[in-house]
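Worksheet for the structure shown next.
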Amino acid sequence: MAKAAGVAAAGFVAQPRSLMAAPIPSIAIPKEVPATLSEPAKAGSFEGKGMSGAEVFAKLCKEEELAAMFCCPGNYTVINAIAAAGVPAYGGRTEGAMCAAADGFSRVTGEVTACSGTEGPGFTHMIMNIAAASAARTPLLVLASNMQMAGDDREAFIQTGYQQPLTEGIKKYGKRLVAPNRVHEYGAYAFRNLKGGVPGPVHLDFPGEVARARFTDAGSLTDYYGKEKYRSESRPGASNKEVQQAADLISKAARPLLIAGQGVFQRKAWDALKLVAERQDIAVVTSGPTRGHWPDDHRLSAACSPDALMSADLVIFIGQYCMPSPGEYRLAPEVKAIRVHPVQEDLGRNWPLDLGIVSDEKIFLEALANALPAKKREAWVGELATARAAFEKQNLDHYALGLKHSQATGHLHPAVMAKEVHDFFYKGAIDPKQTVSGSGGWTTGLFASRWLRANRPGQSVVCAYQYGAIGPDLAMMIGAGAAVQRGVGPQAPYKGAPALVVTSDAGVAYSMFELDTAAKYKIPIISVIYNNNSWGMWPSAVSSARSMHMYLFQENLRYDKMAEGLGARGEYVRTVEEMRGALQRSYAAAAKEGVSTLINVQALKEFTSGKDYPPGIALNAEPGVGAFAH
Amino acid sequence: MRSREWARLRIDEVLEEYAARGVFKGFSKAGPGRWKMLWHRNREFVLEKLTDGQFAMPVVLPKVPARSEMMRAYRAFVKGLQSKELPEHRRIRVKLKVTASAGNAGLQVEPGDDAEYAVRKLIQAVHETYLVFLYDGARYDYLVETFDLDPDHLA
Ligand SMILES: Cc1ncc(C[n+]2csc(CCOP(=O)(O)OP(=O)(O)O)c2C)c(N)n1
Ligand SMILES: [Mg+2]
């Protein structure tokens, strides 16, 4: 060994100087990054040159406690003003991924976040993830501007286009600001929509004439007053009679099931939910893009008890913003239904109701907790426990089969990958309430979600919730990780902890460059990538001529090496032992050095097939840990 | 023993109730002793009252050959719905059997002395077929081949 090194060194010395390659510099974070991140905030003021339209808007965003902005450069006037105003700002590699990151930050905190890109191309790149945020009812402020109205219809230079029609159907509210002096007025419109009722994306576009307009006093700005005047914190509440009707139905039911939707999380109503459920031994399962506002490890949780769902004789939907139809949830055909929702128009949509109540989730749950007589339901609690044990046994059976397949093929089965992740994050030295996680991908997501847990509010993200987009996951969880680094809202007790994402080879292609962003901002994420060399629904091509090639990638791609090229760590895994070692090293690097890792789990696409590799892929019951549609 | 007429009217009402609960997306009476419902996977299901008084749904799962592994698994599943090990409220206590005809798996139930109960349990069994039986990994290929299932076309 020493000799070989000596030979190599001799060869090196013998090279003429001109042919010697300069040493390759290491990946480094430019010094301007920490320097500018630590600069004090500097909001605009009417003094001197006055405030730009962008600064007026930024000041309002800061006063509204906009929790974070994720962007790519473009829309410079606006993003600079928002960053300068003191809103935590992150600049990344693609607008689409930044939009997903903003969504992820919001999904684990319930806070309003923003994303931004340049007017034409940056904005259109965000579309998939604006739609995903809309399906998830995320309070996301979408900003994209730079062009001038002066260029409209002339195709003046580049990038002109009408934005608003492009978000038709995927926003709650949108407006192109036209009159510069109404910039504050429309900021108020934006936050009324973001913070009231059922949230959803708000899309504002600022032509240059508005963003760059200057104001030296408040006189010409319309509706220039504070949030306590332009919006209200008042929420609808159920009448005493309605609360009593609900309490009666619940008390009469033998096996009530409470479905705590995202409204319970948005309204931070988990304490009231606990009072209600424990008062009468009501089973609870969460639904929506975030999990954990009812802990999976609670004795009343039905999240891991799919066999018991069909036994419920009354279901109470609270804050279920995106309603399924009866055949989409594993509930009995005769189950009675109560739905509590903050806006009247949605009551009765998709799911016929025995009782519909317009109410804020928190107000309702607090009132219900007072109206419900205490009651024990031992048989029902026992049934939940039996079903939980059956689910856990089934998972373990799948793991045993997966282990056999892994040993036989030298490739890691998804059941093994998922269980190893589970054991490491919930069964070992790490607090099982700590790690924020999310999953995506098809086979990947179906297996991973059966094993990921949410034991406290905001602990888990259903990345593909409702829209079913492949790809946003890694970026979404980097955004969630940013919230954990800052300790925002329910993440406060776990401030600084690493985040986790389990996603697929198809999915990682959409987001992987954001490992650069994670490194730049020191957001440690452990990303477990299930690499089965394919888009997982390749079985759809089996019986069709000339089709399979469209579903396959090159085999054995090295996502771990790509991650290294982006300043993260890479791990390559094919066996259970390698997986355990990789998790340990990745976690240590994340927790101690704030460094992210991509674990490339090499698998075979054929693991999808139930004939060759039982159990194949089982669909997951909804609602519950594996749900992603509703 | 309830009158035959009472039982007939009551079955209409019972099925209408499922439609009003949104369980069936569409429902109509298709003649004497024959009902049609738009239900799982947006497919039309037909329920018939046979001349011997039994209720039958000849096509619950299309394209399941009589002697296939899937047919055997389905029979076992339906038997499981009647198991004594199930909690009382889940157990189907009526003679419910799987039929195999024209390459399809169906269900047939004897009304006993309570036709309403029998029909309700048949509806429950179909519901569990689609929401439990077909969710098993072993049925994934069937879902792809029969219903064009893919991740974007699940329900
Ligand atoms: C952006 C996007 N493109 C395509 C699809 C359609 N689709 C749904 S699942 C899937 C396969 C995904 O493959 P992968 O995520 O690698 O899953 P796995 O291989 O683990 O099954 C596809 C193409 C989608 N939902 N979203
Ligand atoms: Mg794949």
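Where a number appears in this text, it was derived from the coordinates with a stated rule and is not lab data. Please read these numbers as outputs of a predicted model, since none were measured by experiment. All Cβ positions, even for glycine, are placed from backbone atoms using ideal geometry, and neighbour counts span all protein chains on display.
Quick one: which residues, 5+ away or cross-chain, put their amide H under 5 Å from the amide H of A:THR286? H built at 1.01 Å from N.
Distant-sequence amide H within range of A:THR286: A:ALA260.
Hey, if you put +1 on the Cβ of every Lys and Arg and -1 on every Asp and Glu Cβ in chain A, which of A:LEU347, A:ILE430, A:ALA102 ends up farthest toward the positive end of that dipole?
A:ILE430
Within the range A:514-534, list the residues whose amide N lies under 20 Å from a label point set 7 Å along Cα→Cβ of A:LYS31.
Answer for the range A:514-534: A:520-522.
Name the trypsin sites (Lys or Arg not before Pro) in the range A:355-403 that are in a loop by DSSP and that have at most 16 other C-beta atoms within 10 Å, would you?
Answer in residue order: A:LYS375, A:LYS376.
Going through the cross-link list A:LYS175/A:LYS229; A:LYS195/A:LYS375; A:LYS227/A:LYS592, which pairs have a Cα-Cα distance over 32 Å in this structure?
In this structure, A:LYS195/A:LYS375; A:LYS227/A:LYS592 exceed 32 Å between Cα atoms.
Applying 1/(1 + (r/R0)^6) with R0 = 22 Å to the Cβ-Cβ distance of B:ALA20 and A:GLN244, what FRET efficiency is obtained, to the nearest 0.05? Before the final figure, lay out each step's value.
Details: r = 25 Å, r/R0 = 1.13.
Efficiency computed from Cβ-Cβ geometry: 0.35.
If N is the number of residues in the range A:41-230, what value comes out of its Cα radius of gyration divided by 2.2 N^0.38 Å?
Working: Rg = 15.1 Å, N = 190, 2.2 N^0.38 = 16.2 Å.
Normalised by 2.2 N^0.38 Å, the Cα Rg of the range A:41-230 equals 0.93.
For the range A:240-381, what is the relative contact order in percent, using Cα pairs closer than 8 Å and at least 6 residues apart in sequence?
Relative contact order here is 31 percent.
So what J values fall out for the range A:172-179 if you push phi through Karplus, 6.51 cos²θ - 1.76 cosθ + 1.60 with θ = phi - 60°, rounded to Hz, Gly and Pro as x?
8, 8, x, 7, 8, 6, 10, 8
Percent relative contact order of chain A, based on C-alpha pairs within less than 8 angstrom and at least six residues apart?
Values: 1420 pairs, mean separation 81.4, N = 630.
The normalised contact order for chain A reaches 13 percent.
Based on alpha-carbon positions alone, could you give the equivalent ellipsoid semi-axes of the range B:3-153 from the gyration tensor, as √(5λ), descending, whole Å?
Value: 25, 18, 15 Å, ordered largest first.
Loop by DSSP (not H, G, I, E, B), at most 14 other beta-carbon atoms within 10 Å: where is the longest site-free stretch of chain B for GluC sites (Glu not before Pro)?
B:1-84
Within 10 Å of each candidate Cβ there may be at most 15 other Cβ atoms; applying that plus a DSSP loop requirement, which trypsin sites (Lys or Arg not before Pro) in the range A:18-127 survive?
Those that pass, being in a loop and sparsely packed, are A:LYS31, A:LYS42, A:LYS49.
Trypsin sites (Lys or Arg not before Pro) within the range A:445-529: which are DSSP loop residues with at most 14 other Cβ atoms inside 10 Å? Intermediate results must be reported in sequence, preceding the final value.
Details: sites: A:ARG450, A:ARG453, A:ARG486, A:LYS495, A:LYS520, A:LYS522; in loops: A:ARG453, A:LYS495, A:LYS522.
Loop-located and lightly packed - A:LYS495.
By the scheme Lys and Arg +1, Asp and Glu -1, what is the net charge of all other residues having a beta-carbon under 13 Å from that of A:LYS362? Working shown, then result.
On the way: positive: A:ARG235, A:ARG267, A:LYS268, A:LYS274; negative: A:GLU233, A:ASP271, A:ASP360, A:GLU361, A:GLU366.
Summing Lys and Arg as +1 and Asp and Glu as -1 gives -1.
Taking the beta-carbon count within 10 Å as an exposure proxy, list A:PHE513, A:PHE105, A:PHE317 from fewest neighbours to most.
Numbers: A:PHE513 16, A:PHE105 33, A:PHE317 26.
Arranged by neighbour count, lowest to highest, A:PHE513, A:PHE105, A:PHE317 become A:PHE513, A:PHE317, A:PHE105.
Enumerate the calculated ³J(HN,Hα) couplings along the range A:406-413 in order (Karplus 6.51 cos²θ - 1.76 cosθ + 1.60, θ = phi - 60°), each rounded to whole Hz, writing x wherever the residue is Gly or Pro.
5, 5, 6, 10, x, 10, 7, 7
Points 7 angstrom from Cα along the Cβ direction at A:THR409 and B:LYS63: gap in nanometres?
About 2.5 nm separates the two model spin labels.
Considering every Cα-Cα pair within the protein assembly as shown, what fraction, in whole percent, is farther apart than 43 Å?
34
If amide H atoms are built 1.01 Å from N in the plane of the peptide, which residues on other chains or at least 5 residues away come under 5 Å of the amide H of A:TYR572?
When sequence neighbours closer than 5 places are left aside, the close amide H contacts are A:ASN600.
Dipole of chain A (Lys/Arg Cβ +1, Asp/Glu Cβ -1, origin at the Cα centre): which of A:HIS549, A:ALA332, A:ILE525 lies farthest to the positive side?
Final value for the positive-end residue is A:ILE525.
If you average 1/r over every pair of different alpha-carbon atoms in the range A:410-608 and take one over that average, what Kirkwood value in Å do you get? Provide the component values of the computation, followed by the final result.
Working: mean 1/r = 0.0604 Å⁻¹.
Kirkwood radius, the range A:410-608: 16.6 Å.
How big is the dipole moment of the protein assembly as shown about its Cα centre under a simple scheme where the beta carbon of each Lys and Arg is +1, that of each Asp and Glu is -1, and everything else is neutral? Debye, nearest 20, please. Display every interim value, and only then the final one.
Working: 90 positive and 82 negative charges, 221 e Å.
Roughly 1060 debye, rounded to the nearest 20.
Nearest 0.05, what FRET efficiency do A:ALA390 and A:VAL542 give at R0 = 35 Å with Cβ-Cβ as r?
0.60
Under a 10 Å cutoff between Cα atoms, tell me which one of B:TYR74, B:TYR140, B:TYR18 has the largest fluctuation in the Gaussian network model of chain B.
The residue with the greatest mean-square fluctuation here is B:TYR140.
Looking only at other chains, what is the average number of their beta-carbon atoms within 10 angstrom of each beta-carbon in A:617-626?
Mean inter-chain Cβ contacts per residue within 10 Å come to 3.
What list of ³J(HN,Hα) values in whole Hz, one per residue of the range B:86-91 in order, does the Karplus curve 6.51 cos²θ - 1.76 cosθ + 1.60 (θ = phi - 60°) give from phi, with Gly and Pro shown as x?
Per-residue couplings from phi come out as 6, x, 3, 6, 9, 6 Hz.
Arrange B:LYS121, A:LYS268 by Cβ neighbour counts within 10 Å, fewest through most, would you?
A:LYS268, B:LYS121
If I stretch the segment between B:ARG34 and B:ASP113 completely, what's the gain in nm (0.36 nm per residue apart, minus their alpha carbon distance), one decimal?
Stretched out fully, the B:ARG34 to B:ASP113 stretch lengthens by 26.4 nm.
Mind giving me the FRET efficiency for A:LYS42 and A:PHE513? R0 is 41 Å, r the Cβ-Cβ distance, nearest 0.05 is fine.
In this case the efficiency is close to 0.85.
Which of the cysteines found in chain A have nothing to pair with, since no other Cys Cβ lies under 4.7 Å from theirs?
Within chain A, the cysteines lacking a partner Cβ under 4.7 Å are A:CYS61, A:CYS71, A:CYS72, A:CYS304, A:CYS322, A:CYS463.
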